[in-house]
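The structure appears below as structure tokens.
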Amino acid sequence: EAELGLRICRAVGGAPLALELAGSWARLFSMAEIARRVEAGLDFLEGSLSDLPERHRGLRTVFEQSWKLLNEAERSALCRLSVFEGGFEVAAGLEVAQVPHRDLLALTDKALLRVMGEDYRRCDVHPLILEYAREQLSGPDKALMVRRHAEFFLEFAERAAPKLRGPSQAEWLER
């Protein structure tokens with residue numbers, strides 16, 4: 001059970017509302033089923049908790065309200081950044097997604113993007129926000145971002161290959 005609880009917590013990135021909504025299904029589903037459904041997507045995270053305002057009864061509703069508060073540049077930037085999984089280096093975000101510094105800063109100020117590491121080189125997006133943003137990215141923009149992402153990491157892998165043996169091995173393995 002503890003392992004299943006941890007799976008659910010990881011899937012929702014520890015978001016309190018998401019955990020509360022997932023927990024509301026415990027009367028109907030096993031922990032394993034809740035974990036499976038949470039990992040399958042946002043739409044499961046709805047509830048009928050009568051003490052919550054309507055706008056907080058489902059994560060999709062929360063995200064839709066937040067999405068409306070972003071300007072077009074911020075929405076576009078978040079969509080393009082959604083091609084990254086598990087975070088990204090700022091330089092990769094600038095190059096692959098072609099997100100200007102000001103939009104990275106705006107998304108950080110709005111707590112949609114988190115800067116990590118001592119050197120502030122990496123960024124991360126909450127997994128549920130990432131999922132919602134991916135849903136908004138479609139058509140030619142999605143194909144372009146997927147291609148740029150693949151090209152960027154192919155070039156990175158080619159650059160890294162010779163450095164994976166020798167004195168800088170640990171640094172390059174970490175990268």
Long-range amide H contacts for ARG122: which residues qualify at under 5 Å (H placed 1.01 Å from N, peptide plane, sequence gap of 5 or more or a different chain)?
VAL90, MET116
In the range 76-175, the GluC sites (Glu not before Pro) that fall in loop regions by DSSP, at most 11 other Cβ within 10 Å:
GLU85, GLU118
Please work out the ratio of the alpha-carbon Rg of the range 68-146 to 2.2 N^0.38 Å and round it to two decimals.
0.99
With +1 assigned to the C-beta of every Lys and Arg and -1 to the C-beta of every Asp and Glu, and no other charges, what is the dipole magnitude of the range 78-131 about the Cα centre in debye, to the nearest 20?
160 debye
FRET efficiency for ALA161 and GLU1 from the Cβ-Cβ distance with R0 = 45 Å, rounded to 0.05, comes out at 0.55
Gain in length, ARG102 to GLU171, computed as 0.36 nm per residue apart minus the alpha-carbon separation, to one decimal in nm?
21.9 nm
Linear extension gain, LYS68 paired with VAL115, 0.36 nm per residue minus alpha-carbon span:
14.6 nm
Accessible-area order (highest first, 1.4 angstrom probe) of the listed residues VAL38, VAL62, VAL115:
VAL115, VAL62, VAL38
Size of the dipole of the range 90-175 about the Cα centre, Lys and Arg at +1 and Asp and Glu at -1 on the beta carbon, nothing else charged, in debye to 20?
120 debye
For the chain, the Rg and Dmax computed from alpha carbons only, in angstrom
18.5, 61
Place a +1 charge on the Cβ of each Lys and Arg in the chain and a -1 charge on the Cβ of each Asp and Glu, then give the dipole magnitude about the Cα centre in debye, rounded to the nearest 20.
180 debye
Sorted by packing (mean other beta-carbon atoms within 10 Å per residue), highest first, where do 161-168, 2-9 land?
2-9, 161-168
Expected vector for the range 25-35, Karplus 3J(HN,Hα) from phi with 6.51, -1.76, 1.60 and θ = phi - 60°, integer Hz, x for Gly and Pro, equals 8, 5, 6, 10, 10, 6, 4, 4, 5, 4, 4
Spatially proximal lysines relative to LYS68 (Cα-Cα < 26 Å; intrachain offsets below 8 disregarded)
LYS110, LYS142
For every helix of n ≥ 4 consecutive DSSP H residues, a contribution of -39,500 (n - 2.57) applies; sum these over the chain, divide by its total residues, and give [θ] at 222 nm rounded to the nearest 500 deg cm²/dmol.
-17500 deg cm²/dmol
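The values are calculated or read from the model by the stated rules, or taken from the named source; none is laboratory data. Since we're looking at a predicted model, the values are computed, not measured. Cβ coordinates were reconstructed from backbone atoms using ideal geometry, including for glycine residues, and neighbour counts include every protein chain displayed. Areas reflect the complete protein model, heavy atoms only, side chains present, ligands, DNA and RNA absent. Shrake-Rupley method; radii C 1.70, N 1.55, O 1.52, S 1.80 Å.
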